[in-house]
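J.: Below is one structure. I have some questions about it.
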Amino acid sequence: MEENTYLEFKRQYTDNIKKEIVSFLNAGGGKIIIGVDDEGRVVGVEDLDDCMLRIINSVRGISPDAMSFVSVQPVVKAGKTCIEVVIEVGTNRPYYLRKAGMISRGVYMRIGPSCQPMSQESIMKMIEDYGVGHFEENRSLEQKLTFHTLNKKMAKMNMPFDRDILLNMRILDDVDQYTNLGLLLSDQNPFTTKAVYIQSSSQTDLDSRREFTGSLLKQLDDAFQYLSSYNKDHSYPQMALWEVLTNMFIHRDYTKRGSNYIYIYNDHMEFRSRGQLIDGISLETVRVGFSESRNRYLAEFFYHLQLTDSYGTGIHKILDGFDDDHEPLFVEVPGEFVVTLYNMHFSPNKKGREDNDNGEEKLLVYLKKHPFITRLKCEQVLDCGPTKSYRVLSRLVEKGKVKKIGNGRNTKYALKNER
């Protein structure tokens, strides 16, 4: 029996065992047998209980929480008691030593029969591949951070800028190291937003370029001011511009490299955010206002600073500012989520857009012949998408002409005077 990619021997417990566990979590899983020397000779473990306790405490020093992926149990080999540590492949990679942080001396990978520190480039690649679900909570690779913008913003809100609130908001972790959420809110935030004004439909005719840098809070203010300079005639609802911007930052996938982009044309604005919709969310659920944030703690922080309202209200604020002829367009493309807002002072381009008839009369005619209508049937009657059908039905309910029956997928609509 020899050491290999999935098997490691340890004569006795040492602190280095936690590095081995991390390396297996980040690779293909494996097994550590304590009480066997490097030559494969069984020597056994003297103080079984103490050794097992120290191993368990070592696992507790790994982030993200890896306890459910590691089992520790006594085994008998060649008549001697040893300890077998079985490590499964972790689902929240990369794993790292909490005290060291997510840097080379804290992140390890199993390569052949040895445990090797990962390079910063390899760590970032693993975050991009596996780390979407917990990016905010991971320790920032950069710890020399300043928070001038955040401090000013919190002072205006009469909020203290101290250790307790930074811990509570998860800007600091439990060992006083900055998290990636802290990185996003810091003056050193590496993620940027780029804006381009294009005079004609050709993207080669570039009239103005801007790149917004620094804290997400600064980028939000700067980008909104920039957009407002192109909206002096109120071609777009200011609230819609604000909501689209905040959603770009809150829902962006920060494990993906590259910037968010804003393209400003004469007749529309296009907002391109890195990353696609998270699992379980579809374009249909987005259009009707269902929301689940990829960056939950960032969303909560924006809420506490009164930059956003509660989850799910933003989409309605975007839609409510436009008439049916200029209804915003939501599209998912490879690697990006795109929102298009149309200039209300331009005649709508009907190609590929929904019929500009508001559809209310069509639905009333249908309901006079049928006892009820579903949202899906409404889309068929109006030959439109779920967004327009939802809005037309909502208007009829508000006007008291139609009543809503049930909730969720079983929702139906009937004439108010019908049973």
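J.: Let's see if you can work this out: charge +1 on each Lys and Arg Cβ, -1 on each Asp and Glu Cβ, no other charges. What is the dipole magnitude of the chain about its Cα centre, in debye to the nearest 20?
T.: Value, rounded to 20: 1080 debye.
J.: While we're on this one: Assuming R0 = 41 Å, can you tell me the calculated FRET efficiency for the pair Phe161 and Ile278, based on Cβ-Cβ distance, to the nearest 0.05?
T.: Values: r = 31 Å, r/R0 = 0.76.
That gives a FRET efficiency of 0.85.
J.: Greater than 32 Å separation of Cα atoms is the criterion. Which listed pairs, Lys232/Lys412; Lys256/Lys412; Lys125/Lys218; Lys19/Lys77, meet it?
T.: On the way: Lys232/Lys412 42 Å; Lys256/Lys412 41 Å; Lys125/Lys218 27 Å; Lys19/Lys77 25 Å.
Over 32 Å Cα-Cα: Lys232/Lys412; Lys256/Lys412.
J.: Need one word for the range 360-415: rounded, prolate or oblate. Basis is the Cα gyration tensor (sqrt eigenvalues a ≥ b ≥ c); a/c below 1.5 gives rounded, then a/b vs b/c decides.
T.: Cα axes put the range 360-415 in the rounded bin.
J.: What is the angle, in °, between the Cα long axis of helix 120-130 and the longest principal axis of the Cα atoms in the chain? Nearest 10 is fine, range 0 to 90.
T.: For 120-130 against the chain, the angle is about 60 degrees.
J.: Now for a separate question. Less than 17 Å apart at the alpha-carbon level, and either on another chain or at least 8 residues along: which aspartates and glutamates does that give for Lys403?
T.: Within the straight-line cut-off, Lys403 pairs with Glu360, Glu361, Glu418.
J.: Per DSSP H run of at least 4 residues, take -39500 (n - 2.57); add these up for the chain, divide by its residues and hand me the 222 nm value, nearest 500 deg cm²/dmol.
T.: Per the formula, -9500 deg cm²/dmol.
J.: Rounding to the nearest 10 and keeping the result within 0 to 90°, find how far the Cα-based axis of helix 17-26 lies from the longest principal axis of the chain.
T.: In the chain, helix 17-26 runs at an angle near 40 degrees to the longest axis.
J.: Could you state the angle between the C-alpha long axis of helix 238-251 and the longest principal axis of the C-alpha atoms of the chain, as a value from 0 to 90 degrees rounded to the nearest 10?
T.: The two axes meet at around 20 degrees.
J.: Which of the aspartates and glutamates could a cross-linker bridge to Lys156, judged by Cα under 15 Å and excluding same-chain residues fewer than eight apart?
T.: Counting by Cα, and skipping residues close in sequence, Lys156 has these aspartates and glutamates nearby: Asp221.
J.: Would you calculate the separation in nanometres between label points at Tyr303 and Lys31, each defined as 7 Å from the Cα along the Cα-to-beta-carbon direction?
T.: 4.6 nm
J.: Which length gain, in nm to one decimal place, applies between Val175 and Lys152 when the Cα-Cα distance is subtracted from 0.36 nm times their residue separation? Kindly include the intermediate steps, with their values, before the conclusion.
T.: Numbers: separation 23, 0.36 × 23 = 8.28 nm, distance 2.52 nm.
Answer, rounded to one decimal: 5.8 nm.
J.: Full extension from Asp50 to Lys99: what is 0.36 nm times the residue separation minus their Cα-Cα distance, to one decimal in nm? Present the calculation step by step, with values, prior to reporting the outcome.
T.: Values: separation 49, 0.36 × 49 = 17.64 nm, distance 2.23 nm.
Value of the extension gain: 15.4 nm.
Laboratory data are not the source of any read-out in this text; all were calculated from the coordinates shown. The structure displayed is predicted, hence computed values, not measured ones. So basically every Cβ, Gly included, is an ideal-geometry build from the backbone, and we count neighbours across all protein chains shown.
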